[in-house]
Amino acid sequence: MGNMDTFTEITRTVVGNKHLVVYTAAFSSSYATGGDALTGANLGLDNIDFLIAEPKSGYTFDYDHDNATLLAYRNPAVAADIALTDEGLTAAIGIAAAGANLQSGVAGPTATTNAPVTQAAGALAQVTAAVNLSSIVVRIMALG
């Protein structure tokens, strides 16, 4: 488990019998799968009942209460938006073999219908282990 490096208090107030705090927190230079450690003690609290962290630089964050860690997520890498395939159009539009000239006087494409390419929806992917997130400083609001 990695450790978040720097915590800076911005504000603190009392709400009922709880403390509400806002901090900035810097991630470690080697993110750990399962998140960087973040406990109530890091924020001057006995415990963390509720915590939210602002999205930052394309990352989204989630607090894991069971393991006292802040997890970082981002969109998974997508290899390609559209995969093109040859459905008999190569000859129809006059594309010759590699290195050869385009054919002239070839009739246009025939009526071919291609279904739109869609990408399935999915959850954000957790940042992989050992990624350097030390340039990411997030604002955290916690109640405890």
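The values are calculated or read from the model by the stated rules, or taken from the named source; none is laboratory data. Since we're looking at a predicted model, the values are computed, not measured. As a convention, Cβ positions derive from the backbone with ideal geometry for all residues, glycine included, and neighbour counts pool all protein chains shown.
Among all residues of segment 39-55, there is at least one that is buried (at least 16 other Cβ atoms within 10 Å of the Cβ), closer than 21 Å to L124 by Cα and out of contact with any His (no Cβ under 6 Å at 6 or more places or on another chain).
Confirm whether V22 is in contact (Cβ under 8 Å) with a residue 24 or more places away in the chain, outside any loop (DSSP other than H, G, I, E, B) and more than 18 Å from T128 (Cβ to Cβ). Explain how you work it out, then say what you get.
Numbers: in contact (Cβ under 8 Å) with a residue 24 or more places away in the chain: yes; outside any loop (DSSP other than H, G, I, E, B): yes; more than 18 Å from T128 (Cβ to Cβ): yes.
So V22 passes the test.
Within segment 52-67, residues that are under 20 Å from G40 (Cα atoms) have Cβ atoms under 8 Å from residues that are among the basic types (K, R) and surrounded by 13 or more Cβ atoms within 10 Å (Cβ to Cβ) in these pairs: A53/R139; E54/R139, counting only partners at least 6 apart in sequence or on another chain.
Out of the residues in segment 11-35 that are crowded, with 20+ Cβ neighbours inside 10 Å and under 12 Å from I140 (Cβ atoms), which is modelled with the lowest pLDDT? Once the filter is applied, the top-ranked residue is F27.
Remark: F61 falls outside the filter, which requires a residue to be surrounded by 11 or more Cβ atoms within 10 Å (Cβ to Cβ), over 21 Å from A129 (Cα atoms), modelled with pLDDT of 95 or more and hydrophobic (A, V, I, L, M, F, W, C).
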